[in-house]
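Visitor: Structure incoming, see below.
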Amino acid sequence: MAAPVSSVDKTPAECSALNVTSFQKKTRSKSISIPGTRPSVQNGQLLVSSGVTSLDYLLGGGLAVGTVLLIEEDRYDSFSRMIFKYFLAEGVVCRHELFVAATQDDPDDILQELPAPILDDVAIHRPGDQPRMSCEPQDTLDAMKIAWRYQNLPKVQSALASSSRFGHYYDVSKIMEPEIRQAAKWHRFYHPEHPPLSSGTHSPKLESYSALLKSLREVIRREGFDLNAPLPKSRNILRVGLHSLGSALWGDDLCCHDNPKNVHALTSFLYGLRALLRSSLAVAVVTVPSHLIQDRALMGSITRLCDNAIALESFKGSERETNPLYKDYHGLLHVRQVPRLNCLASQLPDHKDLAFKLKRKQFTIERLHLPPDLSETVSRVGKGESAAAACASSSAKHLDF
């Protein structure tokens with residue numbers, strides 16, 4: 001039996017070589033630094049702003065790069081179109097590249113209608129800042145306005161805002177200056193300029209989406225947004241805006257028939273779009289006229305093929321437009337789906353009753369809640385009438401108990 005070798009006879013270099021292990025200290029990977037982006041505090045995903053700060057708050061801080069946001073259009077496509085323009089305007093201000101696809105309006109006309117950014121912080125309305133009287137403290141004013149039994153209840157903050165500012169604010173009453181708009185690099189896809197090719201393998205409905213997906217893939221690979229290829233030193237984000245997919249102007253019959261012939265045309269396109277964005281520095285916003293699609297199961301499949309999904313329900317032309325309960329709002333916003341990225345469970349919004357309104361200059365999303373009834377005349381009149389009625393009835397007829 002061989003005797004054990006003593007480590008006393010070994011040199012310090014030999015001892016250090018024997019003590020080397022495969023353990024390596026885990027270091028934090030460096031995140032990609034791109035203007036107009038920030039990492040998520042929840043899962044480390046790279047985020048961009050949608051252009052609407054309250055919508056960024058609902059989606060967990062912003063839109064994750066490589067994901068798709070689905071917007072179910074309102075009945076007249078007024079407010080969904082506004083969010084679509086906010087998304088593109090944020091890309092112009094952040095110097096991101098744009099890819100705009102439409103069939104009803106020319107992409108050039110859409111870019112000319114982008115709202116103007118508000119660069120002065122003084123003009124920005126910050127939620128929670130209320131006017132205060134200098135002669136009386138705030139506590140005294142609150143005690144005079146509400147009943148004593150409601151003083152210990154938490155105050156309802158209707159505005160949706162984060163502690164850290166992300167994104168920009170825009171004035172919808174003004175359009176963006178041509179100098180700012182012309183400095184942006186963008187790509188266009190106008191469907192009337194790409195007529196469907198007559199072939200036996202693809203129908204005209206599938207050909208429009210195939211041409212759109214092919215054009216987007218070429219832009220991603222040519223401009224250096226593909227993560228599988230060597231990325232350039234100066235990295236950027238591609239913002240993809242696809243307007244009113246599934247409408248009849250795209251050659252699709254989802255909105256025309258209860259049983260469309262090409263029922264899987266749009267779902268196949270969204271499947272390919274999502275796979276393409278997963279491996280690229282791009283983020284997409286897609287609008288769909290869901291109120292024209294009769295098949296609810298098909299609409300559910302379209303929603304599940306996207307990462308984020310919201311629906312806009314406008315009060316215009318409905319009974320709620322004249323309802324005094326909704327007099328301060330222009331519609332309701334429903335969160336259909338939130339993304340599950342790098343985590344087992346997604347963060348759901350803390351409030352499900354949401355409403356949006358268009359102020360004089362800005363579009364905001366707020367929590368919908370019933371204000372307290374502060375009028376005292378109604379209750380006093382009601383009590384007086386009930387007392388008078390009780391006295392009249394007792395004098396008219398004697399009741400035995």
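Visitor: So Ile302 clears everything in (1) touching a strand residue (DSSP E or B) at 6+ places or on another chain (Cβ under 6 Å); (2) at pLDDT 95 or above except one condition, right? Which one?
Guide: Every condition holds for Ile302 apart from (1).
Yes/no per residue for (1) of a type in the set (A, V, I, L, M); (2) in contact with an Asp or Glu (Cβ under 7 Å, 6 or more places away or on another chain); (3) over 14 Å from Ile71 (Cβ atoms):
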{"residue": "Asp252", "(1), (2), (3)": "no, no, yes"}
{"residue": "Lys261", "(1), (2), (3)": "no, yes, yes"}
{"residue": "Leu270", "(1), (2), (3)": "yes, no, no"}
{"residue": "Val288", "(1), (2), (3)": "yes, yes, no"}
{"residue": "Leu292", "(1), (2), (3)": "yes, no, yes"}
{"residue": "Met299", "(1), (2), (3)": "yes, no, no"}
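Visitor: Of Arg367, Arg336, which residue is open to solvent by 70 Å² or more (accessible area, probe 1.4 Å) and in contact (Cβ under 8 Å) with a residue 24 or more places away in the chain?
Guide: Answer to the selection: Arg336.
Visitor: Regarding Lys261, is this residue open to solvent by less than 50 Å² (accessible area, probe 1.4 Å), touching a helix residue (DSSP H, G or I) at 6+ places or on another chain (Cβ under 9 Å) and modelled with pLDDT under 85?
Guide: No: the conditions fail for Lys261.
Visitor: In the stretch 264-282, how many are open to solvent by 80 Å² or more (accessible area, probe 1.4 Å) and touching a residue at least 24 places away in the same chain (Cβ under 8 Å)?
Guide: So the count comes out to 2.
Visitor: Tell me which residues, restricted to the stretch 66-85, are at pLDDT 95 or above and polar (S, T, N, Q).
Guide: Residues satisfying the conditions are Thr67, Ser80.
Visitor: Quick one: would you say Thr287 is farther than 29 Å from Gly62 by Cβ and either modelled with pLDDT under 95 or buried (at least 20 other Cβ atoms within 10 Å of the Cβ) (or both)?
Guide: Criteria not met by Thr287.
Visitor: Might you check whether a residue that is assigned to a helix (DSSP H, G or I) and closer than 26 Å to Val48 by Cβ occurs anywhere in the stretch 303-324?
Guide: Checking the stretch 303-324: at least one residue is assigned to a helix (DSSP H, G or I) and closer than 26 Å to Val48 by Cβ.
Visitor: Evaluate the following for Lys327: is it farther than 30 Å from Leu46 by Cβ and surrounded by fewer than 15 Cβ atoms within 10 Å (Cβ to Cβ)?
Guide: yes
Visitor: Could I ask something else about it? Assuming Leu312 fulfils every condition listed in (1) out of contact with any Asp or Glu (no Cβ under 7 Å at 6 or more places or on another chain); (2) closer than 30 Å to Ile34 by Cβ apart from one, which condition is it?
Guide: Exception for Leu312: condition (1).
Visitor: Hey, does the stretch 119-138 have a residue that's open to solvent by less than 70 Å² (accessible area, probe 1.4 Å), closer than 30 Å to Glu321 by Cα and modelled with pLDDT of 50 or more?
Guide: So far as the stretch 119-138 goes, no, none of its residues is open to solvent by less than 70 Å² (accessible area, probe 1.4 Å), closer than 30 Å to Glu321 by Cα and modelled with pLDDT of 50 or more.
Visitor: Within the stretch 37-85, how many residues are in a loop (DSSP other than H, G, I, E, B), closer than 20 Å to Ala355 by Cβ and of a type in the set (A, V, I, L, M)?
Guide: Selection size over the stretch 37-85: 2.
Visitor: Could you say whether any residue in the stretch 305-320 is free of Cβ contacts under 8 Å to residues at least 60 places away in the same chain, under 14 Å from Phe356 (Cβ atoms) and open to solvent by 20 Å² or more (accessible area, probe 1.4 Å)?
Guide: yes
Visitor: Determine whether Leu276 is within 30 Å of Arg221 (Cα to Cα) and either of a type outside the set (Lys, Arg) or in a strand (DSSP E or B) (or both).
Guide: yes
Visitor: Looking at this structure, is Asn262 of a type in the set (S, T, N, Q) and out of contact with any Phe, Trp or Tyr (no Cβ under 9 Å at 6 or more places or on another chain)?
Guide: The answer is yes for Asn262.
Visitor: Name the residues in the stretch 187-208 that are under 21 Å from Ala284 (Cβ atoms) and either of a type in the set (S, T, N, Q) or modelled with pLDDT of 95 or more (or both), would you?
Guide: His187, Arg188, Phe189, Tyr190, Ser208
Visitor: Name the residues in the stretch 236-253 that are in contact with a Ser or Thr (Cβ under 8 Å, 6 or more places away or on another chain) and part of a loop (DSSP other than H, G, I, E, B), would you?
Guide: Listed by number, the residues that qualify are Ile237, His243, Ser244, Leu245, Ser247, Gly251, Asp252.
The values are calculated or read from the model by the stated rules, or taken from the named source; none is laboratory data. Note that the coordinates shown come from a computational prediction; the quantities given were computed from them, not determined experimentally. A quick note on method: Cβ atoms are made from the backbone with ideal geometry, for glycine too, and the neighbour counts reach across all protein chains shown. When the accessible area is computed, the model is the full protein with side chains, heavy atoms only, and any ligands, DNA or RNA have been set aside. Shrake-Rupley method; radii C 1.70, N 1.55, O 1.52, S 1.80 Å.
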